[in-house]
Each structure stands twice: as C-alpha cells, then as structure tokens.
Amino acid sequence: MAGGINSESAIYVAAMNPLIDNFQRPITYMRLSVTDRCDLRCAYCMPERMTFLPKAEILTLEELRALALAFIARGVRKIRLTGGEPLVRRDMIELVRALGRELGSGLDELTLTTNGMRLAEFAPALVDAGVRRVNVSLDTRDRALFTKLARRDGLSNVLAGIAAAKAVGLEVKLNTVALKGLNESELPSLIEWAHGEGHAITLIEVMPLGEVDGDRFDHYLPLSAVRADLEARWTLTPIAHRSGGPARYVEVAETGGRLGLITPLTNNFCDGCNRVRVTATGQLYLCLGGEANVDLRAALRAGDARALNSALDRSMRIKPERHAFTIDRPGAAPALARHMSMTGG
Ligand code: SAM
Ligand code: SF4
C-alpha cells in the first residue's frame with residue numbers, strides 16, 4: 001500500500017508490547033524530524049553549503065503520521081517534532097493537526113523545537129491543534145552576533161515569534177548553545193531576560209556532530225565553567241524538575257526562573273534515557289551520540305505493520321547504554337558524521 005500503514009494495521013500494532021530496551025528503560029518519548037532543511041545556517045550546526053536530501057527520500061505526511069501512530073501504539077506518550085527547521089516544511093501544520101487528534105488517546109503531549117523564524121505565523125494554528133509548549137532556540141539577543149552565528153539576519157523574526165507564542169498562551173522554553181568567546185558574556189543577561197519574560201531557559205554544550213566550516217573546539221564552553229560563573233552572581237538551587245531527558249534544573253533565586261543545563265560532554269546523563277529519534281527519512285536512531293539505527297522507511301513504504309514492529313523490537317536490542325562523545329582537542333574530526341539537523345537534537 002502506498003502512503004503508509006492503514007488503520008487496520010494500526011489496530012494490529014496497538015496489540016503489541018511497549019518498547020523497553022535491554023537496560024529496562026521504557027521508551028515513551030519520540031523526537032520526529034520532519035525535514036533536514038532549514039532557513040538558518042547556525043555555524044555550530046551545519047556548513048553554509050549544506051547538502052540537503054532529495055525530497056523523494058523524505059517521508060510523506062501520511063508516512064509520518066503512520067509512523068507516529070505506530071510509536072504511540074507501542075507506548076510513546078510524548079512526541080516532539082523537530083528538524084532541520086520543522087516550520088519550513090509546507091504540510092507541517094497538517095501533520096500537527098493529525099497528531100493533535102491523538103492527544104488524550106495514547107498521546108499525552110505534542111510539541112516542537114523551532115528556531116522561531118516562522119513562529120509568529122504559525123503560533124495560533126499550533127495552539128488550535130493542541131500544542132501547549134514549544135522549545136525555541138535562541139543563542140543571543142544581539143542582532144550582529146545572531147547574524148554571525150546563524151549566518152542570516154533573523155533575530156527580529158525570532159523575537160517576534162517568541163512574543164507571538166507567548167501571546168497565544170504557548171509555554172515557551174528557550175534553548176541556548178553556550179559558545180566560548182561568542183555568547184559567553186551575554187549568558188547572564190539572556191537568562192535574566194528569559195526569566196523576566198516568564199520563559200524557562202536551558203543551556204546546552206556544543207556537540208561534535210557533523211562537519212561544519214570551522215572547528216567547534218574553538219567555541220566549546222563547558223557548562224561547569226558557566227555554572228561556576230553564575231553561582232558567583234546568583235543563588236542556584238537544584239530542583240527536582242525532570243523532563244525524563246538530559247537536562248538538570250536549578251532555580252535562580254534572584255530572577256525567580258528555571259534554568260536547565262544539558263551537559264553531554266562534562267556529565268553523562270544516559271541512565272534515565274526514555275527517548276528515541278527518527279530522521280525525516282525514517283531512520284530510527286537509538287542515541288543522539290551513537291550510530292546505532294534501524295530503517296523504518298522500507299516497512300512504512302510497503303505498508304507492512306508486522307515488519308515495522310519487528311524493526312521496533314530489533315531497535316530495542318541495540319539501544320546503547322550510554323553515549324561517549326568528547327570534544328577534547330582542536331582539529332579533531334566530529335565524533336559522528338551525522339549533523340544534529342538530521343536527528344533534531
Ligand atoms: N531548527 C530547530 C532549532 O534550531 O531549534 C530544531 C532543530 S535544531 C538541530 C535543535 C537544537 O539543536 C537547537 O537548539 C540547536 O541549537 C541545537 N544544536 C544544533 N547543532 C548542535 C550541536 N552541534 N551541538 C549542540 N547543539 C546543537
Ligand atoms: Fe537550523 Fe536549528 Fe541547525 Fe540552526 S540549529 S541551522 S536553526 S537546524
């Protein structure tokens with residue numbers, strides 16, 4: 001059957017066991033990349049002349065929907081749509097609407113990670129479809145630095161997107177990659193601003209994923225150093241809040257807001273991993289920091305629910321216990337050839 005798995009097959013899938021990996025971790029969270037394309041070119045993420053995949057390789061809307069339903073039937077309760085930039089995909093809102101209809105019947109949360117460039121346009125439709133929270137990436141509020149980092153003059157669009165999301169009642173969490181010598185000195189004021197606007201903010205260490213034009217080592221900033229700097233200014237109190245993911249959270253007494261710290265390089269966070277990632281071509285990656293993957297597209301395109309489920313079962317046997325990447329020396333090759341824009345972070 002062209003275009004994915006029919007509803008009868010989906011019922012068959014529903015009878016299957018929940019996804020639990022070899023380390024007894026239930027997989028309840030799927031990050032689904034809907035495109036590898038993007039309207040920015042963040043220097044730490046991809047080269048200026050990035051090679052994007054041919055459209056024929058990308059899953060169709062119906063295939064993405066069928067895939068998401070198969071995961072929901074196997075126990076996934078949260079789906080984050082990502083990319084590349086999810087909002088550059090033309091039928092993105094149709095997908096959000098289709099998946100939004102699953103909320104309350106298996107799916108607890110549907111959300112997305114976006115660079116915010118088109119968020120002002122889409123925020124109302126996202127809310128209508130059932131989205132309640134979005135993650136927006138914002139590395140700086142300085143226009144010149146934004147243009148240097150993203151290689152596009154987009155700061156005003158992103159800030160308008162964040163404001164529009166807030167205005168329609170979406171909870172906005174900001175993601176900021178900490179970059180030595182770039183946004184390093186701005187981090188306290190960025191955190192202060194975010195908290196003042198009512199947004200949580202999470203800092204991320206740059207990860208060695210895919211070739212970029214420069215050397216990421218030049219701007220790698222361990223969050224242990226950032227935390228020490230912030231602790232010299234503010235009172236940071238660890239809080240129990242967990243997203244089931246890699247972030248550890250603190251409350252900043254002086255700003256009254258929540259700050260997350262994602263430290264893939266200085267601190268391994270894999271014990272409670274509950275997530276898997278699927279690329280826009282239907283490759284299921286079991287770990288952001290590893291190559292282990294299983295192809296789901298062949299089964300999807302054949303409309304074969306049994307083969308799709310076998311692939312999911314197989315994947316649980318190869319999900320690694322933990323990742324092991326480092327940025328430890330200048331000039332080193334990326335730990336993985338795959339860019340973050342393939343698996344959406
Ligand atoms: N385009 C969307 C965005 O920027 O939010 C979604 C995809 S993007 C790949 C998801 C997140 O990955 C962003 O917050 C981005 O800053 C982060 N990211 C990309 N490349 C990274 C890298 N090499 N190391 C750490 N974070 C990275
Ligand atoms: Fe695009 Fe997101 Fe990568 Fe920036 S981080 S280039 S916005 S995919």
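Computed from the Kirkwood radius of its Cα pairs, the Stokes-Einstein diffusion coefficient for the chain at 20 °C and 1.002 mPa s stands at 104 µm²/s.
Legend note: in the chain, cysteines whose Cβ sits 4.7 Å or more from every other cysteine Cβ are Cys38, Cys270, Cys273, Cys287.
Heavy atoms only, probe 1.4 angstrom, no DNA, RNA or ligands counted: give me Asp313, Asp108 ranked by accessible area, highest first. Before the final figure, lay out the partial values.
Values: Asp313 60, Asp108 100 Å².
Ranked from most to least accessible, the order is Asp108, Asp313.
DSSP beta bridges fully contained in region 29-343 are about 30 percent antiparallel.
FRET efficiency for the pair Asn17 and Arg133, taken as 1/(1 + (r/R0)^6) with r the Cβ-Cβ distance and R0 = 25 Å, rounds to 0.30.
Under the definition of Cα pairs under 8 Å and six or more residues apart, what whole-number percent is the relative contact order of the chain? It rounds to 23 percent for the chain.
The values are calculated or read from the model by the stated rules, or taken from the named source; none is laboratory data. Values in this document were obtained by computation on a predicted structure and should not be read as measured data. Positions of Cβ are backbone-derived with ideal geometry, glycine not excepted, and every protein chain shown enters the neighbour counts. Each accessible area value is taken on the protein alone, full model and side chains, heavy atoms only, with ligands, DNA and RNA left out. Shrake-Rupley method; radii C 1.70, N 1.55, O 1.52, S 1.80 Å.
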